[in-house]
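First up is the structure itself, then whatever we jot down about it.
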């Protein structure tokens with residue numbers, strides 16, 4: 001099936017082709033060129049400053065290197081207290097924090113568990129709603145002045161590190177400790 005082209009369409013097509021030829025045959029517009037000499041001229045003062053710079057024996061400090069010296073790379077250790085009693089966990093966390101501080105560890109992940117399987121029902125003095133180690137270990141740490149001197153902060157752990165059954169301890173730098 002062929003369709004006839006109207007006279008107007010033919011005329012439009014011819015106009016398009018004429019305009020296309022004009023665009024193709026146009027010469028590109030030249031950008032203003034700066035003179036070669038102007039680009040190459042260097043003042044005497046600039047030359048003198050450059051020569052003085054090259055003769056100077058003093059080294060320019062490398063800012064990247066200076067800043068990298070002050071960075072403390074993260075060193076992490078974990079401890080898991082599943083199945084421990086309160087006394088065992090408190091003694092264990094105290095020794096572990098001291099050991100990590102001496103080894104200049106930056107972050108400790110303490111896994112206490114959520115306490116869902118704790119045997120706190122047997123002891124009437126413990127709340128049935130609260131887990132044992134989840135709350136008692138951080139409380140023990142915060143009440144121990146020797147430990148708090150070594151700690152920057154204690155925060156909740158991310159889900160991938162144990163979530164609500166774990167917490168982080170960020171330790172101070174042993175070398176800067178006073």
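The values are calculated or read from the model by the stated rules, or taken from the named source; none is laboratory data. What you see is a predicted model; the values in this text were computed from it and never measured. Counting neighbours? That spans all protein chains shown, and the Cβs are built from the backbone with ideal geometry, glycine included.
Within the range 110-130, is even one residue modelled with pLDDT of 90 or more and touching a helix residue (DSSP H, G or I) at 6+ places or on another chain (Cβ under 6 Å)? Looking through the range 110-130, none of the residues is modelled with pLDDT of 90 or more and touching a helix residue (DSSP H, G or I) at 6+ places or on another chain (Cβ under 6 Å). Among the residues making up the range 131-178, those that are in a helix (DSSP H, G or I), surrounded by 11 or more Cβ atoms within 10 Å (Cβ to Cβ) and within 25 Å of the chain's Cα centre (by Cα) are 161, 163, 164, 165, 174.
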